[in-house]
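Asks: Structure incoming, see below.
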C-alpha cells in the first residue's frame, strides 16, 4: 500500500473511528491470514492431522477471552488450563479453543492500546489502535502479503533497526515478543499515523514468531511426559543408580535460529520440563519414593529387604511429573544376581536422600 493510498484510507476511516471508538482487532480477515501463514509452516502443520483446519483458518469472529488475553498467553493458560480473568480455554472444544487462541495471539501484537503495547503507548491508545487495525484490515488481502518467518527466528525492525531473536524456550520467546512489541509500540507512538504501515508490518512479523511458538506449545502440551524403559542389573550388596536423563516433557523445547525446535531432556533444574521422578517398588499403585532430579542411588539391600525383592528379575514402576502436573508411568525391571544373603538393612528411603510420596499413581 502506498503512502497516498494509506492517507486516503485513513481520511475515510479516521472520522468513524473517532466517533464510534470501534476496534477491529486486526479485523477477522487479518487474523485468518496470520493463522493460514502459520499453519503452512512445517513445524506447525505436522500437528494438524485430525484438526478442523479450515474452520480455524477461516474464523473471522470475535471469541471470548479478550480482557487479559496477554496474561492468558504469557502464563500459557492454553496449556495449563488455568483460567484468567474469568475465562478458561479448557471450557472450549478444540476447534473453538484454537479459534480463540489464534485470535488472542494475533491481538497482542497490535502496536497500540492492546497489552503489551499499552505499557508504552497508553495515550490516545484506542484511537491509534483503531487506525492500525483498520489499516491492517484494508491493507492485507492475501497470505503472500504478510511477512514470512519460515527457517528463521531472527527479527529486525524495518525502521529503527532494533533486533530480537525469538530463540530459546517458550518462556524466552514470550519475553522476547513482549520486548519487541513494546519497541514497535514506541516507534508507532513516536511517528503516529505516518508510521502506521511500518508499525503494522513489524507487528505482523513478531506476531508470526509468537503464534508459531504458541501453536506448537499448545499441541505439544497435549502430550504426556515421556519416560523410556530402564532395566538394571545389581548384586545384593551393590547400589542401583537410577538415571532418567532421557525422560522429557514434550512441551519443553528450545527454538533454534533456523525456525525449528529441539527437545529438552531431564529435570527442570537441568533445563527440561520434568519436575519429579517417582518410583513404586512394591507395584501396589502407591509411589514409594520420589526425587526432584533425574538421577538417584538406592542400595540394593534396601530394595531386597524393605520391598521383598527376590534374586532374578523384579518389576518396578517408575514415573515422572511435568511442570504442568501431568503424570506418566511405566514398568521396568531390576535383575538381582544371587550372591548370598545380604545383611539386614538398617536404612530407610529418607536416609538415602529420598522423599516418601504417599500419592496414588495414575494408570
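The values are calculated or read from the model by the stated rules, or taken from the named source; none is laboratory data. The shown structure was predicted, so the numbers you read here are calculated from the model rather than taken from an experiment. Neighbour counts run over all protein chains shown; Cβ positions are idealised from the backbone, glycine included.
Asks: Scanning region 80-90 for residues that are at pLDDT below 95 and not in a loop (DSSP other than H, G, I, E, B), which turns out farthest from the chain's Cα centre (by Cα)?
Replies: Ranking the qualifying residues of region 80-90, first place goes to 90.
Asks: Continuing with the same structure: For region 312-325: of the residues being buried (at least 21 other Cβ atoms within 10 Å of the Cβ) and in contact (Cβ under 8 Å) with a residue 60 or more places away in the chain, which is farthest from residue 284 (Cα to Cα)?
Replies: 322
Asks: Every residue in region 236-261 that is in a loop (DSSP other than H, G, I, E, B) and crowded, with 18+ Cβ neighbours inside 10 Å, please. Reasoning before the result, please.
Replies: Kept after step one, since they are in a loop (DSSP other than H, G, I, E, B), are these residues of region 236-261: 236-238, 244-247, 256-260.
Those that are in a loop (DSSP other than H, G, I, E, B) and crowded, with 18+ Cβ neighbours inside 10 Å: 236, 244, 247, 259.
Asks: Related question: Which numbered condition in (1) under 25 Å from residue 153 (Cα atoms); (2) modelled with pLDDT under 95; (3) not in a helix (DSSP H, G or I) is the only one that residue 106 fails?
Replies: (3)
Asks: If a residue has to be over 16 Å from residue 205 (Cβ atoms) and touching a helix residue (DSSP H, G or I) at 6+ places or on another chain (Cβ under 6 Å) to count, how many in region 132-152 make the cut?
Replies: 3
Asks: What do you reckon, is residue 183 without any contact (Cβ under 8 Å) to a residue 60 or more places away in the chain and part of a helix (DSSP H, G or I)?
Replies: Yes; evaluated as a whole, the condition is true for this residue.
Asks: Need the failing condition index for residue 217 against (1) surrounded by 18 or more Cβ atoms within 10 Å (Cβ to Cβ); (2) in a loop (DSSP other than H, G, I, E, B), just the number.
Replies: Unmet condition: (2).
Asks: Would you say residue 115 is surrounded by 15 or more Cβ atoms within 10 Å (Cβ to Cβ), assigned to a helix (DSSP H, G or I) and outside the structural domain of residue 322 (by TED's automatic domain parsing)?
Replies: No.
Asks: Quick test of your reading of the structure: residue 58 fulfils all but one of (1) in contact (Cβ under 8 Å) with a residue 40 or more places away in the chain; (2) surrounded by fewer than 24 Cβ atoms within 10 Å (Cβ to Cβ). Name the failing condition by number.
Replies: Result: residue 58 fails condition (1) only.
Asks: Here are the criteria: (1) closer than 19 Å to residue 178 by Cβ; (2) touching a helix residue (DSSP H, G or I) at 6+ places or on another chain (Cβ under 7 Å); (3) free of Cβ contacts under 8 Å to residues at least 12 places away in the same chain. Tell me which single one residue 77 does not satisfy.
Replies: Looking at each condition in turn, residue 77 falls short on (3).
Asks: A further question follows. Among the numbered criteria (1) under 19 Å from the mean Cα position of the chain (by Cα); (2) assigned to a loop (DSSP other than H, G, I, E, B); (3) within 24 Å of residue 41 (Cα to Cα), which one does residue 70 miss?
Replies: For residue 70, the exception is condition (2).
Yes/no per residue for (1) surrounded by fewer than 13 Cβ atoms within 10 Å (Cβ to Cβ); (2) under 19 Å from residue 229 (Cβ atoms); (3) at pLDDT below 80; (4) out of contact with any strand residue (DSSP E or B) (no Cβ under 9 Å at 6 or more places or on another chain):
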| site | (1), (2), (3), (4) |
| --- | --- |
| 280 | no, yes, no, no |
| 293 | no, no, no, no |
| 296 | no, yes, no, no |
| 310 | yes, no, no, no |
| 333 | no, yes, no, no |
| 336 | no, yes, no, no |
| 354 | no, no, yes, no |
| 361 | no, yes, yes, no |
